[in-house]
1. Compute the FRET efficiency between Ala311 and Gln8 as 1/(1 + (r/R0)^6), taking r as their Cβ-Cβ distance and R0 = 41 Å, and round to the nearest 0.05.
2. State the percentage of accessible surface on the chain attributable to carbon and sulfur atoms; use a 1.4 Å probe and exclude ligands, DNA and RNA.
3. Let me know the shape class of the stretch 138-191, please: from the alpha-carbon gyration tensor, a ≥ b ≥ c as square roots of the eigenvalues, rounded when a/c is under 1.5, otherwise prolate if a/b is greater than b/c, or oblate.
4. Note the full-extension length gain between Asp285 and Ala366 as 0.36 nm times their separation in residues minus their Cα-Cα distance, in nm to one decimal.
5. Provide the per residue accessible area, probe 1.4 Å, for the stretch 77-123, rounded to a whole number of square angstrom.
6. So which GluC sites (Glu not before Pro) in the stretch 381-462 end up in coil per DSSP with only 13 or fewer other C-beta atoms within 10 Å?
7. Output wanted: per-residue J couplings in Hz (rounded whole) for the stretch 47-63, from phi through Karplus 6.51 cos²θ - 1.76 cosθ + 1.60, θ = phi - 60°, x for Gly and Pro.
8. Determine which lysines satisfy two conditions relative to Lys4: a Cα distance under 16 Å, and not lying fewer than 8 residues away in the same chain.
Amino acid sequence: MTYKEPAQELPVYGTYDVVVAGGGTAGMIAGLGAARSGAKTLVIERMGYLGGQFTGFMNTSWTCSDQVKRCVGGIAYEYFQRIEDLGGVENPNYEKDAYILYDSERAKYAIVEMYEQEEKLDTLYLTMVTKAIMDGRKLKGVIIENKSGRQAVFAKQFIDCTGDGDLLEFSGSHYEELDPKHQHPASLIAKISNVDVKKLKEYYGARPKLQKGERYLGHLPHAGFYGFRLAEELEGISLPEELEYLRDWFILFYSTPNPGEMILNMTGTTALDGTDADAVTKGTDMSIKRMWQVLPLFQKYVPGFEHAFIAATAPALGIRESRKVIGGLRLTSEAILNASKYPDAVCSYQSPLGYHTPDGKDITFARMEPGTAYDIPLRSLVPADVDGVIAAGRNISVESKACGSTRSMSNCMTLGHCAGVIAAWAAENNKEMREIPHEVLRKVLKEQDIYFAEEEKETTEA
């Protein structure tokens with residue numbers, strides 16, 4: 001059954017140099033990158049705050065070093081330092097630590113402060129982009145919907161930071177999307193309060209067999225406490241049949257800078273199409289149910305959790321994989337592990353290649369050599385068949401087994417920063433973003449403290 005919508009004239013909300021669709025982890029930094037480069041910028045965000053996974057979704061662990069030196073710079077690092085100044089980072093060593101823990105609420109406040117200082121930067125909360133306005137293969141505008149109704153927004157350049165590649169879909173661009181059965185599963189994160197963290201650390205510290213968090217982290221340096229899976233804790237325990245799956249399930253729990261607080265990150269649902277509203281609704285309900293199934297097991301069998309309770313859950317599922325842009329180059333795990341370099345690199349980065357098994361049970365890691373980093377080329381961000389749009393975040397062109405590194409939150413921020421700078425350059429010069437000369441690209445991004453690995457060779461690919 002279909003319904004033919006009557007034609008109507010829409011008010012124009014505004015005309016900009018750059019519009020960012022999605023103000024999450026990548027998008028919030030993209031907005032700053034574009035505005036600080038001189039572009040009149042609008043960030044459109046579906047939630048009631050900026051930051052997505054990094055703030056309201058409470059995924060409070062980031063990576064920013066190659067275990068030898070810091071490999072994240074620019075606005076992302078500035079943002080980290082602001083959170084630290086607010087007391088929101090747990091004993092950070094940005095040069096050595098593979099994982100750093102922080103407080104999501106301080107992070108939410110810090111980005112508000114940063115946005116307040118930008119004269120060329122506008123924001124719309126609780127707003128969805130629902131349609132593209134095309135002129136041939138050129139994206140010229142978008143339709144937005146919110147409490148004010150439907151409106152049009154026009155811009156010279158657009159940045160797709162929706163995670164799910166919504167602008168790619170609306171503009172008619174071809175994109176890659178795996179069968180959900182083969183994608184990384186989704187998680188709903190919970191904040192657990194009233195944990196006796198001292199007792200928890202003492203219990204695990206005295207039992208090397210149970211220190212699975214260290215194995216999960218590859219024994220790399222980090223602050224705080226990490227626990228992983230409950231198989232050993234539940235060994236010999238009789239469980240109801242509907243809870244048996246929790247013996248062999250992805251369950252990660254780790255501390256935050258706040259007293260008595262832990263984050264629970266567990267597989268919520270598998271084989272989920274993150275672009276299917278019905279599937280996401282059912283998956284969210286299932287994920288909430290799983291949290292309440294596992295909490296009593298923590299309370300009974302994990303010392304320190306006896307009086308713990310769920311203080312908050314994320315406002316939506318964390319989708320790890322959905323639509324990805326098809327550009328001029330698809331990053332592979334081999335290219336990443338070989339620390340490949342490209343002449344059109346927008347940045348360099350390193351973090352483990354975490355692959356969440358599609359069955360939801362486990363995660364495997366492939367790790368780079370300490371002190372090395374791989375390049376991410378502009379060709380992996382710009383669609384080959386549509387003009388006026390660039391992707392930044394988890395929707396860049398990368399194979400499934402490698403996206404566990406590229407979608408790390410600190411890298412998404414860096415990609416957002418780079419995309420904002422590139423979009424501002426294209427808007428100012430009346431060019432397409434893919435047309436920025438390589439030497440200009442590198443120079444402009446280095447001037448903004450984007451990290452590039454200094455290597456003796458370049459890997460060039462068509």
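1. Numbers: r = 45 Å, r/R0 = 1.09.
With a Förster radius of 41 Å, E is 0.40.
2. Working: 9230 of 18600 Å².
Looking at the chain in its full context, I get 50 percent from C and S.
3. Working: a/c = 2.81, a/b = 1.48, b/c = 1.90.
The shape class here is oblate.
4. Values: separation 81, 0.36 × 81 = 29.16 nm, distance 3.20 nm.
Taking Asp285 through Ala366 to full extension adds about 26.0 nm, to one decimal.
5. Values: 2210 Å² over 47 residues.
On a per-residue basis, the stretch 77-123 sits at 47 Å².
6. Details: sites: Glu399, Glu428, Glu432, Glu435, Glu439, Glu447, Glu454, Glu455, Glu456, Glu458, Glu461; in loops: Glu399, Glu432, Glu454, Glu455, Glu456, Glu458, Glu461.
Answer by residue number: Glu454, Glu456, Glu458, Glu461.
7. Values per residue, Gly and Pro as x: 8, x, 6, 8, x, x, 4, 6, 10, x, 7, 6, 8, 8, 9, 10, 10 Hz.
8. Cross-link targets: Lys131.
The values are calculated or read from the model by the stated rules, or taken from the named source; none is laboratory data. Predicted model, so just to flag it, every value in this text is computed and none were measured. Cβ sites come from the backbone with ideal geometry, for glycine too, and all protein chains shown count toward neighbours. SASA here: full protein model, heavy atoms, side chains in, ligands and nucleic acids out. Shrake-Rupley method; radii C 1.70, N 1.55, O 1.52, S 1.80 Å.
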